[in-house]
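The values are calculated or read from the model by the stated rules, or taken from the named source; none is laboratory data. Note that this is a predicted model, so its numbers are computed, not measured. Quick reminder, even Gly has a Cβ in these numbers, built from the backbone with ideal geometry, and neighbours come from all protein chains shown. Ligands, DNA and RNA are stripped out before the accessible areas are found, and what is left, the full protein with its side chains, is counted by its heavy atoms. Shrake-Rupley method; radii C 1.70, N 1.55, O 1.52, S 1.80 Å.
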Amino acid sequence: MDLQIRGRKAIVCASTRGLGRACAASLAREGVHVVINGRSPDSAAAAARELAAETGGAVRAIAADINTDAGRAALVSACPDADILVTNNEGPAPGRFVDWEREDYLRAIEANMLAPALLIRALLPGMRARRFGRIVNITSAMVKSPSPAMGLSTSARTGLTALCKAISREVVADNVTINNLLPERFDTDRQRFMAERMVREQGLGYEEARQRIVDTIAAGRLGQPREFGDACAFLCSAQAGYLSGQNLQLDGGSYRGVF
């Protein structure tokens, strides 16, 4: 399928590795001019070179911390007329409710609600004026199926979800869509971190810890990042113009609910 976005411009946040990188790669393969983002100038530049070689696309790197006003401004300045925005950011570490202090909540809200919301605010007027915009937030399966250990992530990302649902109803008339991708159990550094945490806390071997993670997935395997990236690319397509305000779970069929 031709997604009809060749020549469009995209900003993909936190995209030097993991699911953000997978989204950047899928968009670049579709002929989108992609600006990727990371905090380290060296890793961002290296990722851009690798993605360009891998996809044959146009990929530019911007080193910026999107948790700061200066970082967001630098990213927006690099592509002020972006047609596509994929927001992404590192989530809070797992923990316990009794251990979280006020500062922990503020950091979570800054990174996983305010940073994406302010990027959306900066780019949304131009998308509406040009009558094309695709905004995809990478959130978490925990938004719909909260876990006690992931309470910080769940609370901040759910706030972003509610805000974007409200906005989506207004902007879709201008052919601007806002959707959320809710990943769980993809084969990325995040799952390696979770397996290593189980090794430390439960005294397991690494392979046993990894297998226990796999055993929680209905599909019986970890998701592959390219599967996630291609789902993101479809949400950014011309064909997805009637799909907005939705939460798409990519979890190998593991979610037990109906809605």
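Numbers for the structure displayed
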| quantity | calculated |
| --- | --- |
| Of residues in the range 77-126 being in contact with a helix residue (DSSP H, G or I) (Cβ under 6 Å, 6 or more places away or on another chain) and at pLDDT below 95, the one farthest from Gln4 (Cα to Cα) | Pro94 |
| Hey, Asp187 open to solvent by less than 70 Å² (accessible area, probe 1.4 Å) and not hydroxyl-bearing (Ser, Thr, Tyr) or not | yes |
| Any hit, the range 24-35, residues being open to solvent by less than 20 Å² (accessible area, probe 1.4 Å), in a strand (DSSP E or B) and at pLDDT 95 or above | yes |
| Residues of the range 44-76 classified as under 12 Å from Ser15 (Cβ atoms), assigned to a helix (DSSP H, G or I) and open to solvent by less than 50 Å² (accessible area, probe 1.4 Å), total | 5 |
| Residue in the range 77-96 that is among the charged types (D, E, K, R), part of a helix (DSSP H, G or I) and touching a residue at least 12 places away in the same chain (Cβ under 8 Å) present | no |
| Where a residue in the range 131-151 is over 18 Å from Ser254 (Cβ atoms) and its partner, wherever it lies, is at pLDDT 95 or above and of a type in the set (Phe, Trp, Tyr), with Cβ under 6 Å and at least six apart | Gly151/Phe97 |
| Subset of the range 59-75 (residues that are under 20 Å from the mean Cα position of the chain (by Cα) and hydrophobic (A, V, I, L, M, F, W, C)) | Val59, Ala61, Ile62, Ala63, Ala64, Ile66, Ala73, Ala74, Leu75 |
| Flag if Arg157 is open to solvent by less than 40 Å² (accessible area, probe 1.4 Å), part of a helix (DSSP H, G or I) and either at pLDDT 95 or above or in contact with a helix residue (DSSP H, G or I) (Cβ under 8 Å, 6 or more places away or on another chain) (or both) | yes |
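Quick grid of which residues meet (1) of a type outside the set (A, V, I, L, M); (2) within 14 Å of the chain's Cα centre (by Cα); (3) closer than 27 Å to Gln191 by Cα:
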residue	(1), (2), (3)
Asp104	yes, no, yes
Ile109	no, no, yes
Met113	no, yes, yes
Ala122	no, no, no
Val172	no, no, no
